[in-house]
Amino acid sequence: MGTRQNRPGLIILGIILLAGLSSAFGQSGAISNSDCMTCHDISAGEIGKTFDSSLALSSHSGMSCTDCHSSIKSLPHDEKVGQVNCGECHSTEADQYKWHGRLKYPGGSDIPDCADCHGKHDILPVTNKESRTNPLNLPMTCGRCHSDLNLVKKHDILIGNAVTVYESSVHGKAALGGIYMAATCNDCHSTGGTAHRILSPGDPESSINHFNIPKTCGRCHRNIENDYWEGIHGKLVARGETDAPVCTNCHGEHGIIAPSDPLSPVSPARIAEATCSPCHESAYLNEKYGIPSGRLKSYVDSYHGLKSKAGDVTVANCASCHGAHRILPHTDPTSSIYPANLKKTCGQCHPGISAEVAKTPIHSTPGISQTPIARIIGEIYIVVIILIIGLMIVHWLIDLRKQIKNVSLKEQIKRMTFNEVWQHTFLMVTFITLVITGFALRYSESWWVQILFGWEGGFPLRGVIHRTAAVLFILTSIWHIFYLTTPRGRQFIKDIFPRKLDFMEFVQMIKYNLGFNVPKPRFGRFSYVEKAEYWALVWGTAVMILSGLFLWFDNLAVKWFPKGFLDVMVVMHFYEAWLAFLAILIWHMYSTVFSPNVYPMNPSWYTGKMPLEWFEHEHPEDPSLKDKEKTVGE
């Protein structure tokens with residue numbers, strides 16, 4: 001009974017205690033910052049430090065904790081609190097920030113939210129140098145994501161080093177140096193004048209969309225933008241041509257450097273080849289817009305181009321004559337290259353130049369001034385060169401003919417049979433043909449290739465000639481194999497096979513030529529020179545035929561061999577061709593033509609015979625000297 005009598009008193013006491021606790025945690029009124037600090041300042045080291053010191057200096061210093069953490073209604077609150085909604089106060093910015101590039105917000109943990117860019121308790125105004133969005137710190141803020149290779153790869157962001165490149169650009173150096181008017185990430189990527197609306201370049205409204213880039217750059221470079229829209233490039237962009245250049249095509253994107261820097265694509269030394277030629281040397285664009293081709297070559301070969309190549313940065317380049325931003329065709333009366341304006345344009349570098357001289361074509365015959373008198377003198381020179389050099393060639397051909405005839409009048413000895421002469425002839429003709437037509441493919445832009453195959457239908461014919469010569473080369477090799485089965489062929493292979501004596505004679509010959517007191521080696525039918533050449537020919541023939549067949553029938557090769565096999569065949573075919581060509585040019589041509597002992601040449605390649613005295617000198621141990629099967633040439 002006593003217990004029941006005391007129960008109302010206990011209830012009243014409980015109510016009083018609960019009221020006291022509620023009062024202690026501020027439930028009887030608004031939650032104050034001091035209430036939050038009783039926990040966050042005491043038990044949460046870094047959190048307390050951040051809240052206490054950073055918030056006091058931030059843009060939100062006059063606000064209470066619950067202004068942002070509005071989901072907290074009572075204390076103690078749940079361990080997991082609701083996400084802060086910045087849009088409760090910043091509704092305009094929240095409405096603007098719906099996309100970050102190609103990704104919609106909120107669309108995943110990778111999409112940056114307000115705190116990722118502005119911070120949390122340490123939000124500072126952009127004018128504060130400690131602010132994450134201050135121009136000094138903005139590259140680092142954006143770089144937290146855009147320099148993350150995992151994020152770059154995941155979201156297919158093509159430019160993964162944009163921040164690093166930007167920091168080395170004129171904009172980056174200026175901004176990081178304290179010139180706050182210089183462009184930063186937000187200045188170029190913000191759409192509609194707000195950094196919260198960053199759109200993909202494929203979005204028509206994006207500030208970095210191809211058609212909007214001139215306007216974006218024009219925010220700072222207003223006068224240049226006006227010039228650009230008046231020029232032909234701007235007019236093409238305005239009508240929707242995607243292949244017309246905008247600012248970034250010439251200057252670059254994140255890594256824009258000053259024109260005075262030799263590495264800049266718009267520097268005087270590089271503008272012609274690095275910037276203008278990619279478009280103006282394009283066959284597709286030239287055909288589409290009716291622009292004459294070959295402009296780069298005619299400039300490079302001109303006086304201005306040659307001076308530029310020599311390192312003169314003051315000589316006229318493309319922009320000097322055509323303008324840098326207000327570029328107009330020569331038919332426009334306001335163009336700098338309109339005929340009536342040429343005197344003024346050229347006069348910028350050549351004061352006092354006459355109107356007639358100023359009209360001299362620049363992009364005409366490469367390297368030749370096209371004034372009438374210069375054209376006449378050039379034509380005279382061409383005739384003179386043909387006559388004088390032609391007569392020189394005729395003179396020495398006559399002399400060479402006489403020298404060869406004198407060689408053939410000497411007492412001769414048979415060196416090669418009729419069969420062997422024709423084997424050599426077929427080998428020589430097919431080899432030379434293969435070298436010319438093969439290198440013509442690899443060095444298709446060379447002047448000699450243009451002369452031989454530059455005409456319409458020339459290159460398809462080159463391929464036919466190369467393959468025909470290859471077939472004849474293979475047939476000649478087969479012919480030689482059958483020849484080796486004959487009695488003379490078997491003796492040939494026996495005589496030309498390497499022996500230990502050949503290496504000894506090689507060493508002896510080197511000592512003899514260097515002046516050591518040793519006698520000259522007495523060679524037999526074949527010296528080490530001819531043996532080395534023959535077996536090198538055998539090796540080269542096998543490699544060239546094998547690799548050539550794989551390249552010819554490539555569709556069959558890829559069915560039976562692994563990836564990369566044809567690449568190996570291309571390398572082998574190309575470099576073996578160079579090895580064979582140089583070996584013939586240096587090793588064979590010296591021993592049979594340019595050596596003083598045989599000059600002007602050893603005639604056995606076309607007569608099958610050579611002078612007896614040469615043979616006795618070069619092959620004194622040849623058994624055929626015992627029989628001396630010789631004839632006197634007619």
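I'm trying to understand the selection: among the residues of segment 536-586, which are in a helix (DSSP H, G or I), more than 24 Å from Leu472 (Cα to Cα) and hydrophobic (A, V, I, L, M, F, W, C)?
Val558, Trp560, Phe565, Val568, Ile586 - these are the residues of segment 536-586 that are in a helix (DSSP H, G or I), more than 24 Å from Leu472 (Cα to Cα) and hydrophobic (A, V, I, L, M, F, W, C).
Hey, among Phe503, Phe482, Phe492, Phe523, which residue is of a type outside the set (Ser, Thr, Tyr), buried (at least 16 other Cβ atoms within 10 Å of the Cβ) and part of a helix (DSSP H, G or I)?
Phe492
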Exercise. Determine, yes or no, whether Asp203 is within 23 Å of Pro106 (Cα to Cα) and in the same structural domain as Lys288 (by TED's automatic domain parsing).
Key: yes
Practice problem: Filter segment 240-266 down to residues that are more than 27 Å from Ala283 (Cβ to Cβ), without any contact (Cβ under 8 Å) to a residue 40 or more places away in the chain and over 19 Å from the mean Cα position of the chain (by Cα), then give me how many there are. | Solution: 3
Quiz item: Within the group Ser131, Ser74, which residue is assigned to a loop (DSSP other than H, G, I, E, B), out of contact with any Cys (no Cβ under 7 Å at 6 or more places or on another chain) and surrounded by fewer than 14 Cβ atoms within 10 Å (Cβ to Cβ)?
Solution: Ser74
Quiz item: Which residues, taken from segment 140-172, are in a helix (DSSP H, G or I) and free of Cβ contacts under 8 Å to residues at least 24 places away in the same chain?
Solution: Met140, Gly143, His146, Leu149, Asn150, Val152, Lys153, Thr164
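Rundown of residues vs (1) surrounded by fewer than 17 Cβ atoms within 10 Å (Cβ to Cβ); (2) hydroxyl-bearing (Ser, Thr, Tyr); (3) assigned by TED's automatic domain parsing to the domain that holds Asp187; (4) closer than 29 Å to Thr184 by Cβ, yes/no style:
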| site | (1), (2), (3), (4) |
| --- | --- |
| Ile257 | no, no, yes, yes |
| Arg270 | no, no, yes, yes |
| Thr275 | no, yes, yes, yes |
| Pro292 | yes, no, yes, no |
| Tyr303 | yes, yes, yes, no |
| Ala310 | yes, no, yes, no |
| Thr314 | yes, yes, yes, no |
Practice problem: Identify the single condition in (1) at pLDDT 85 or above; (2) closer than 30 Å to Ile198 by Cα that Ile72 does not satisfy, given that it satisfies every other one. | Solution: (2)
Quiz item: For segment 216-233, which residues satisfy the criterion of being in a helix (DSSP H, G or I) and touching a residue at least 24 places away in the same chain (Cβ under 8 Å)?
Solution: Thr216, Cys217, Ile224, Asp227, Tyr228, Glu230, Ile232, His233
Quiz item: For residues in segment 110-150 being of a type in the set (Asp, Glu) and more than 36 Å from the chain's Cα centre (by Cα), which is nearest to Ala94 (Cα to Cα)?
Solution: Asp113
Quiz item: What pairs can you find where one residue is in segment 386-408 and under 15 Å from Tyr606 (Cβ atoms), the other is assigned to a helix (DSSP H, G or I), and their Cβ atoms are less than 8 Å apart, with a gap of 6+ or different chains?
Solution: Ser408/Thr607
Quiz item: Residues of segment 555-569 being under 20 Å from Val471 (Cβ atoms) and either surrounded by 14 or more Cβ atoms within 10 Å (Cβ to Cβ) or modelled with pLDDT of 90 or more (or both), which ones?
Solution: Ala557, Met569
Quiz item: Out of all the residues in segment 251-265, which are in a loop (DSSP other than H, G, I, E, B) and farther than 12 Å from Val313 by Cβ?
Solution: Gly252, Glu253, His254, Gly255, Ile256, Ile257, Ala258, Leu263, Pro265
Practice problem: Could you please tell me which pairs satisfy a Cβ distance under 7 Å, a separation of 6+ or placement on different chains, a first residue in segment 506-524 that is touching a residue at least 60 places away in the same chain (Cβ under 8 Å), and a second residue that is exposed (fewer than 13 other Cβ atoms within 10 Å of the Cβ)? | Solution: Arg522/Glu621; Phe523/Glu621; Gly524/Glu621
Exercise. Would you please list the contacts, defined by Cβ atoms under 6 Å and residues six or more apart or on different chains, that run from a residue in segment 474-490 that is in the same structural domain as Ala536 (by TED's automatic domain parsing) and small (Gly, Ala, Ser) to a residue that is in a helix (DSSP H, G or I) and surrounded by 12 or more Cβ atoms within 10 Å (Cβ to Cβ)?
Key: Ser477/Thr541; Gly489/Tyr483
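For Met392, indicate whether it is farther than 30 Å from Pro623 by Cα and part of a helix (DSSP H, G or I).
Criteria met by Met392.
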Quiz item: Within segment 186-193, can one find any residue that is outside any helix (DSSP H, G or I), surrounded by fewer than 16 Cβ atoms within 10 Å (Cβ to Cβ), at pLDDT 90 or above and not β-branched (Val, Ile, Thr)?
Solution: no
Quiz item: Which is at pLDDT 90 or above and under 35 Å from the mean Cα position of the chain (by Cα), of Gly160, Gly172?
Solution: Gly172
Quiz item: Scanning for something assigned by TED's automatic domain parsing to the domain that holds Phe431 and under 27 Å from the mean Cα position of the chain (by Cα), does segment 538-554 turn up at least one residue?
Solution: yes
Practice problem: Take Asp243 and decide whether it is at pLDDT 90 or above, of a type in the set (Asp, Glu) and outside any loop (DSSP other than H, G, I, E, B). | Solution: no
Quiz item: Are any of the residues in segment 319-329 in contact with a His (Cβ under 7 Å, 6 or more places away or on another chain), surrounded by 15 or more Cβ atoms within 10 Å (Cβ to Cβ) and not hydroxyl-bearing (Ser, Thr, Tyr)?
Solution: yes
Quiz item: What pairs come up if the first residue lies in segment 124-135 and is in contact (Cβ under 8 Å) with a residue 12 or more places away in the chain, the second is among the basic types (Lys, Arg) and in a loop (DSSP other than H, G, I, E, B), and their beta carbons are under 8 Å apart, counting only those six or more places apart or on different chains?
Solution: Leu124/Arg132
Quiz item: From the residues in segment 369-421 that are among the acidic types (Asp, Glu) and farther than 30 Å from Phe482 by Cβ, which one is modelled with the lowest pLDDT?
Solution: Glu379
Practice problem: Starting from segment 568-586, take each residue that is within 14 Å of Leu549 (Cα to Cα) and list its partners that are in a helix (DSSP H, G or I) and of a type in the set (Lys, Arg), counting only C-beta distances under 7 angstrom and pairs at least six apart or across chains. | Solution: Phe574/Arg442
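The values are calculated or read from the model by the stated rules, or taken from the named source; none is laboratory data. Since the structure is predicted, the reported quantities are computational estimates derived from the model, not experimental observations. Backbone-built Cβ (ideal geometry, glycine too); neighbour counts: all protein chains shown.
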